[in-house]
């Protein structure tokens, strides 16, 4: 029995076609590819050089609520560096950056001067809790009221609020926050008066 040689020039377009269809209709595939690109150095956030005399925009106050319906305001966290991320479970770029957010959280969670506020914009904390458990993510998730204007451009949107309550960092779209440079940025903000 003679087997014909595989003609890759005929099979490759078919494989590419099926890959493209899967990419278009699968948020998990999109996030997996993006996560891979993040690991090799793409999607680094532009970290600003903050000087002690820099004029920054004050963060607007908004209310945050956890799954137990406990509430607090962003302004209650003044005096701490606050990492805020707006995301949703259906958003491929959000899904791609969540592993880096979780890794950063794991490194900083015992730092009393750093607070993480990740906001489920769908406000479905029961659904999100199942997602978090499945993915083994540990960062806290909240819903927010009065924060919609902060992610006008879309999600994911990430902010870092300095100890004075000013926006020291703002980034729209996916990024890898698990880097030495980003950790150094957070530490620099913690050390500022």
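Read the figures in this text as sums done on the coordinates, not as results from a lab. In this text, all values refer to a predicted model and were calculated from it rather than measured experimentally. Don't worry about glycine lacking a Cβ; one is built from the backbone with ideal geometry, like all the others, and counts go over all protein chains shown.
The figures follow:
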quantity	calculated
Computed E for residue 109/residue 149 - FRET, C-beta separation, R0 41 angstrom, nearest 0.05	0.90
Contour excess over end-to-end distance, with Cα ends at residue 164 and residue 129 and 0.36 nm allotted per residue	9.5 nm
Relative contact order of the range 57-191, defined on C-alpha pairs under 8 angstrom at six or more residues apart (%)	35
Two-site FRET efficiency, residue 69 against residue 191, from Cβ-Cβ distance with R₀ of 35 Å, rounded to 0.05	0.50
Cα gyration tensor shape for the range 57-191, rounded if a/c is under 1.5, else prolate or oblate	rounded
Segment residue 181-residue 136, length gained on full extension (0.36 nm per residue, minus Cα span)	13.7 nm
